[in-house]
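J.: Before I ask anything, let me first share the structure, which is written out below as structure tokens.
The values are calculated or read from the model by the stated rules, or taken from the named source; none is laboratory data. Nothing here was measured: the structure is a model prediction, and the numbers come from that model. Using ideal geometry, Cβ is built from the backbone for each residue, glycine included, and neighbour counts are taken over all protein chains shown. These accessible areas exclude ligands, DNA and RNA; they are computed on the full protein's heavy atoms, side chains included. Shrake-Rupley method; radii C 1.70, N 1.55, O 1.52, S 1.80 Å.
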Amino acid sequence: MLAVAAGFILYVGLTRSPLFAGISILFYRGLILCALSAVLVMAAMVLRRQRLDLATIVAAGALSLSFNICFLIVLPVTLDRSISVFMLAQIEQHQDDALDSRRITDIFVRKYVGDMRQMDRRIAEQTASGNIVTVDGHVRLTDQGHRFLALSRTLARLFGTDPRFVGLAPTAPPEAPAASPH
């Protein structure tokens, strides 16, 4: 447990440092820093005066890595990409306004899509990830992008996520039972 706590403190510290700051995609930089934190935890355990067996050191590093990756994905990456969090912040900022669904949609399109240029950001990220390329000004899916979408569709079906996000037809809602003739 101490290794997991130490690894998390290391991870947070490294996140706040300029190390790998040139990697603009939060998720990729985070993965590298998670791995580095786990390696540092294992190195510290090796350097301890007491002898620890290799299995214990590797297990501690694996737990540290696992915890930090879970944290990275559940909190920072989710916050970085969350439309829901953006919406909540906008509702808070417009608390005294008469907001309804249409007004919130207008704010989203104007600020998130327009002012914050989130489509440009996503295109840059997917280009850096190798899922798309731009040819003659047109964005095209790469073979890797096709494989990623195939995996995404499989996972969407398996876990019941919204199929529209991966280009599948929406699932039909269950039919209501027929009314009783009584």
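J.: Any number yet on Rg/Rh for the chain, C-alpha, Kirkwood? Spell out each step's value before the answer.
T.: Numbers: Rg = 22.6 Å, Rh = 20.5 Å.
That ratio equals 1.10.
J.: Under 12 Å from the Cβ of residue 132, count the other residues' Cβ atoms, weight Lys and Arg +1, Asp and Glu -1, and hand me the total. List each step's numbers first, then the result.
T.: Details: positive: 122, 140; negative: 125, 143.
Net local charge, residue 132 excluded: 0.
J.: Counting only other residues whose beta carbon sits under 15 Å from that of residue 37, what net charge do I get with K and R as +1, D and E as -1? It would help to have the intermediate numbers written out before the result.
T.: Values: positive: 16, 29; negative: none.
Once all neighbours under 15 Å are counted, the net charge is +2.
J.: Against the longest alpha carbon principal axis of the chain, how many degrees, from 0 to 90 and to the nearest 10, is the axis of helix 118-129 turned?
T.: Tilt of helix 118-129: around 50 degrees.
J.: Calculate how steeply helix 2-16 sits against the longest principal axis of the alpha-carbon atoms of the chain, using the helix alpha-carbon long axis, and give the answer as 0 to 90 degrees to the nearest 10.
T.: So the inclination is approximately 70 degrees.
J.: Turning to a different aspect of this structure: Rounded, prolate or oblate: which one fits region 76-182, using the alpha carbon gyration tensor with axes a ≥ b ≥ c (rounded when a/c is under 1.5, else prolate when a/b beats b/c, else oblate)? Let's see the in-between values first.
T.: Numbers: a/c = 2.48, a/b = 1.12, b/c = 2.21.
It comes out oblate by the Cα gyration axes.
J.: Counting only C-alpha contacts under 8 Å and six or more residues apart, can you give the relative contact order of the chain as a whole percent?
T.: Numbers: 112 pairs, mean separation 25.0, N = 182.
For the chain, the relative contact order is 14 percent.
J.: So what is the accessible area of region 71-125 per residue, in Å², with the probe set to 1.4 Å?
T.: Details: 3890 Å² over 55 residues.
With all protein chains present, region 71-125 gives 71 Å² per residue.
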